[in-house]
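Notes for the one structure printed next.
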Amino acid sequence: MSHPPALPWGCMRPLGLLLLLGLAVAAPVLRLSGEVEGPLVLTTPGLVVEGEGAVLRGKEGHTLSLLAPGIRVKGLKVVGAGPEEDFFEPHAAIYLKGCEACLLEGVEVEGAPTAVRVEDSPRARVRGLKARGMGPSPGVLVYRSPEAVVEASALTGYMDAVYVEYSPGMRIQGNLLEKNGRYGFHVMFSWEARVEANLSRENAVGNAVMHGAANLVAKNQLLDHKTPIGYGLLVQDERETRVEGNLILGNTLGLVLLDAKGVAVRANRFLENGTALRITRERGENAAEVGGNAFLGNLYDLLVDDPEAKARVVGNAYDRAPGLPVPHLPTSSFALLLARQPELSLFALSPGVVLWESAEAQVPGLRLLSLVDPEPRPLPKETKPSPAPLLLSFLGGLLWWRWRR
């Protein structure tokens, strides 16, 4: 039998070295099973924790601490943590510190003030987390962790489902964030963050992106924030941020721009909100481009409580727009008056006000011409739900905005 020619040792030596190197760098594995008592502190870089079917329980401090780069935890259930509920420094079921490029995947959390706390851990990733909160702490807290990711997770019952500070390039995507005590997602002091394809609904206040720049909020469903201070999204003190392709439905206030400069609002659907888009000012200035959106079934499409706001409104579709190719005014002088005298919202649907707004839409007041959409597209009118609940929430929202100022 013939044999292939033998390779000279000079050729085999690199292959042997590569094989030995591969064995040397194989990731260490920790397999957990059954009930495990915490706290557990892991400091081995690249450690893989296989926890499918295991339950890690803790009562003091952080139940599981990951303190080295590259650690991966899969399929573990963590129950309990210490009692500290401070919003910014809570005890967590899982705590990441200096855990660059770590991964939590398919983890479940119960009975802890915070599910996951991430600090100084660039590119850390939380995927497929299921967690139910207990009160005043965030579900996932991310602090100074550039390019961290929270995705495909379900969080409910926290103060904020996902709270982010000082984390440029952060991504929040594909999550279910519902029935939390304040916000679904809350991004602060960050830039170039991407908040995409989340379903955020029935949170006590709504969602917020604040004090940052060049962020993107896109393709989310922001639904049913109907409390008096409820809004689908608050964009506050942001620069060059984009709000694109979102469904904003059933909120007291759909989108609020507060001291937001250079914000682009494009291709969103505003459906059945009290006020679809509100532009207001506290200390700064507003400049927005509003184009390619659809406004359908809202009590008010646009309310501007900032006489110096710079808004370019063009190419949107409205159920109130005339069928003729003529400019359309998506607000009214009565809507502007409501921003200053919110108690007048009780008359918002009265025959006299409806007639006033209808006439004004055909002949806009000169002082409102800057808000006229020169290229409106008509939308077919649909049967609207009873306006009473939204009207009451709308009144409460206006009173709250007036009070906070």
**OP:** Could you tell me whether any residue of region 56-69 is polar (S, T, N, Q), more than 16 Å from L40 (Cα to Cα), in contact with a Pro (Cβ under 7 Å, 6 or more places away or on another chain) and open to solvent by less than 10 Å² (accessible area, probe 1.4 Å)?
**Re:** no
Subject >> Residue count for region 301-317, restricted to those that are surrounded by fewer than 23 Cβ atoms within 10 Å (Cβ to Cβ), outside any strand (DSSP E or B) and not charged (D, E, K, R) >> reply: 3
Original post:
Looking at R283, R278, which is the one that is open to solvent by 10 Å² or more (accessible area, probe 1.4 Å) and of a type in the set (K, R)?
Top reply: R283
**OP:** Please tell me if A267 is over 16 Å from the mean Cα position of the chain (by Cα), within 13 Å of M210 (Cα to Cα) and among the small types (G, A, S).
**Re:** no
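Without any contact (Cβ under 8 Å) to a residue 24 or more places away in the chain, out of contact with any Asp or Glu (no Cβ under 9 Å at 6 or more places or on another chain) and assigned to a loop (DSSP other than H, G, I, E, B): is that true of E89 in this structure?
Yes: the conditions hold for E89.
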**OP:** From R127, R182, grab the single residue that is open to solvent by 10 Å² or more (accessible area, probe 1.4 Å) and without any contact (Cβ under 8 Å) to a residue 24 or more places away in the chain.
**Re:** R182
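A quick yes/no check of all residues on (1) β-branched (V, I, T); (2) in contact with a Gly (Cβ under 6 Å, 6 or more places away or on another chain):
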| site | (1), (2) |
| --- | --- |
| G181 | no, no |
| H186 | no, no |
| W191 | no, yes |
| V209 | yes, no |
| L216 | no, no |
| K226 | no, no |
Subject >> Extreme residue, nearest to K219 (Cα to Cα), among residues of region 240-274 that are open to solvent by 10 Å² or more (accessible area, probe 1.4 Å) and hydrophobic (A, V, I, L, M, F, W, C) >> reply: L247
Original post:
Looking at A93, is it open to solvent by less than 10 Å² (accessible area, probe 1.4 Å) and touching a Cys at 6+ places or on another chain (Cβ under 9 Å)?
Top reply: no
**OP:** Enumerate the strands (runs of 3 or more DSSP E) found wholly within region 253-300, keeping only those where 3 or more residues are of a type in the set (V, I, T).
**Re:** 275-280
**OP:** Select from region 185-209 the residues that are open to solvent by less than 40 Å² (accessible area, probe 1.4 Å) and either of a type in the set (S, T, Y) or part of a loop (DSSP other than H, G, I, E, B) (or both) and list them in ascending order.
**Re:** S190, A193, N198, S200, N203, A204, V205
Subject >> region 58-85 residues that are more than 20 Å from S145 (Cβ to Cβ) and in contact (Cβ under 8 Å) with a residue 40 or more places away in the chain, paired with ones that are open to solvent by less than 60 Å² (accessible area, probe 1.4 Å) and polar (S, T, N, Q) (beta carbon under 6 Å, 6 or more apart) >> reply: E85/S137
Original post:
Out of curiosity, is V162 closer than 23 Å to L257 by Cβ and either at pLDDT 95 or above or of a type in the set (G, A, S) (or both)?
Top reply: yes
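How many residues does region 92-119 contain that are assigned to a loop (DSSP other than H, G, I, E, B) and not β-branched (V, I, T)?
Qualifying residue count, region 92-119: 9.
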**OP:** Kindly provide the set of residues from region 164-179 that are small (G, A, S) and open to solvent by 10 Å² or more (accessible area, probe 1.4 Å), ordered by number.
**Re:** G169, G174
**OP:** Considering every residue within region 142-154, establish whether at least one is closer than 19 Å to H225 by Cα and open to solvent by less than 10 Å² (accessible area, probe 1.4 Å).
**Re:** no
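The values are calculated or read from the model by the stated rules, or taken from the named source; none is laboratory data. Predicted model, so just to flag it, every value in this text is computed and none were measured. Note that we place each Cβ from the backbone using ideal geometry, even for glycine, and neighbour counts take in every protein chain shown. Heads up: the accessible areas ignore ligands, DNA and RNA and are worked out on the full protein's heavy atoms, side chains in. Shrake-Rupley method; radii C 1.70, N 1.55, O 1.52, S 1.80 Å.
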